[in-house]
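The values are calculated or read from the model by the stated rules, or taken from the named source; none is laboratory data. Because the structure is predicted, anything quoted here is derived from the model rather than measured. Here the Cβ positions follow ideal geometry from the backbone for every residue, glycine too, while neighbour counts run over all protein chains shown.
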Amino acid sequence: MEYDLYENYTIVTNYPCYKCKNGDQGPSKITEINEAESKVEGLSNESVSEGKQVEDARIEITFLDNGTYTVLVKATSKEGTKKDSKEKKVEGFCESESKPKETKNSRMDIPIKVILGPYSGTINDKVLHQKETKDLTNGTEKTTYSVDFTLTRKD
């Protein structure tokens, strides 16, 4: 499991007659910059099965009557990092209201619950295999979805 996030947005507002906190009034330009960055890799392994640490991922296969199946995946990532920063620049009459860049670091994990498929396959197949990559990009937000598994039934 991999999760990478980088988000940056800027809000620029021009006020022809802005009233400052100290009561002064005049033209001001306010620029607010917000940035977020996160990175998580791998699965958590805090669960215990038969006395051993195991990765926190579970799958459930549902076979459908039309010769296809779906895979329900429930998982939790390892703990990763998250960094959020904010900055406010004020130009013009209210420059004293500017705030320097403030950054907060924290830890995070990502819970996943997703249904994959439907894929071709039946309960009688000894091996179920699927490999695909989908581009789910929407505008400037880039998202890639990759699936690669081989499931072998033990008799």
Picking from Asn66, Asn22, the residue that is loosely packed, with under 13 Cβ neighbours inside 10 Å, modelled with pLDDT of 90 or more, outside any strand (DSSP E or B) and over 28 Å from the mean Cα position of the chain (by Cα) would be Asn66
All conditions in (1) surrounded by 14 or more Cβ atoms within 10 Å (Cβ to Cβ); (2) more than 27 Å from Asp148 (Cα to Cα); (3) β-branched (Val, Ile, Thr) are true of Val71 except (2)
Note: among Lys89, Lys101, Lys113, just one is basic (Lys, Arg) and in contact with a Lys or Arg (Cβ under 6 Å, 6 or more places away or on another chain), namely Lys113
Residue pairs qualifying under the 6 Å Cβ cut-off, at least six apart or on distinct chains, with the first in region 67-78 being in contact (Cβ under 8 Å) with a residue 12 or more places away in the chain and the second being assigned to a strand (DSSP E or B) and charged (D, E, K, R), are Leu72/Glu60; Lys74/Arg58; Lys74/Lys113
Flagged in region 94-119 as among the polar types (S, T, N, Q) and either in a loop (DSSP other than H, G, I, E, B) or over 29 Å from the mean Cα position of the chain (by Cα) (or both), in numbering order, are Ser96, Ser98
| message | Looking at region 81-93, can you tell me whether even one residue there is touching a Cys at 6+ places or on another chain (Cβ under 7 Å) and touching a residue at least 12 places away in the same chain (Cβ under 8 Å)? | response | yes
Condition set surrounded by 10 or more Cβ atoms within 10 Å (Cβ to Cβ) and either of a type in the set (Asp, Glu) or touching a helix residue (DSSP H, G or I) at 6+ places or on another chain (Cβ under 8 Å) (or both), scope region 102-146, selection modelled with the highest pLDDT: answer is Glu102
Going through region 13-68 in order, the residues found to be of a type in the set (Val, Ile, Thr) and touching a helix residue (DSSP H, G or I) at 6+ places or on another chain (Cβ under 9 Å) are Ile30
